[in-house]
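Have a look at the structure below before the remarks.
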Amino acid sequence: MEALESKEIMEHYYGYLCRNTKVFPEDKPLATNIETAFRISSRGCANKLPNFPIKTIDMLLEKYTKEGDKYYDYSCGWGVRMLSTLRSKRNYYGTDPNSRLVAKLEECKADYDKVNATTTFADIRPQGSEIFVPEWENQMDFIFSSPPYFALEIYHSENQSY
């Protein structure tokens, strides 16, 4: 109700609907599109916070990599894939255009090492995956991610990636 009563938030969502007609088709009722926008947008008015299942990345790393391998995650997300990588003793490389997220992932990695008395490796760049990183060329053993959905995630940073 708080979102519906806020002119600023409703203007944000109406603009969001108008910019993303592939996701919010004009042939659907406005109320349906607004409900969908509340549920899936980064503003988080009424959405459940999604997270990639850690058991899935554990299984993939176990099956396709070995200790010490280099894993590139081209859309870092909330850090579940990074944590799985660190605890399985693989080296994590990641890119994400959300610079605030990257700072928190680096903090999370430092906390992980402190709590577990380990020295793990993570190189996370605050940029989109479309930006070439020359020193990573032909270096990765495994590449996997759970990328954002088209233009549904709007980052609170200067960068955006689809």
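Read-outs: derived from the displayed coordinates by stated rules, not from any lab. This one's a predicted model, so the numbers in the text were calculated from it and none came from an experiment. When we count neighbours, we look across all protein chains shown, and the Cβ atoms used for this are built from the backbone with ideal geometry, even at glycine.
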Sparse-neighbourhood loop hits (GluC sites (Glu not before Pro), region 44-142; DSSP loop; Cβ within 10 Å at most 13 others) -> 67, 130, 137
Per the charge dipole of region 75-137 (beta-carbon charges, Lys/Arg positive, Asp/Glu negative, Cα centre), the residue among 95, 116, 78 reaching farthest to the positive end is 116
PRE zone check, label point 7 Å out along Cα-to-Cβ of residue 69, amide N under 20 Å, scope region 95-109, hits 95
For residue 146, other-chain or 5+-apart residues with amide H closer than 5 Å (H placed, Pro excluded) are 75
Set 66/109; 7/28; 55/89; 22/104, cut-off 26 Å on Cα-Cα distance; pairs above it are 22/104
Residue-ordered couplings for region 78-94, obtained by feeding phi - 60° into the Karplus form 6.51 cos²θ - 1.76 cosθ + 1.60 and rounding to whole Hz (Gly and Pro as x), are 8, x, 5, 5, 5, 4, 4, 5, 5, 6, 8, 6, 9, 9, 9, 10, x
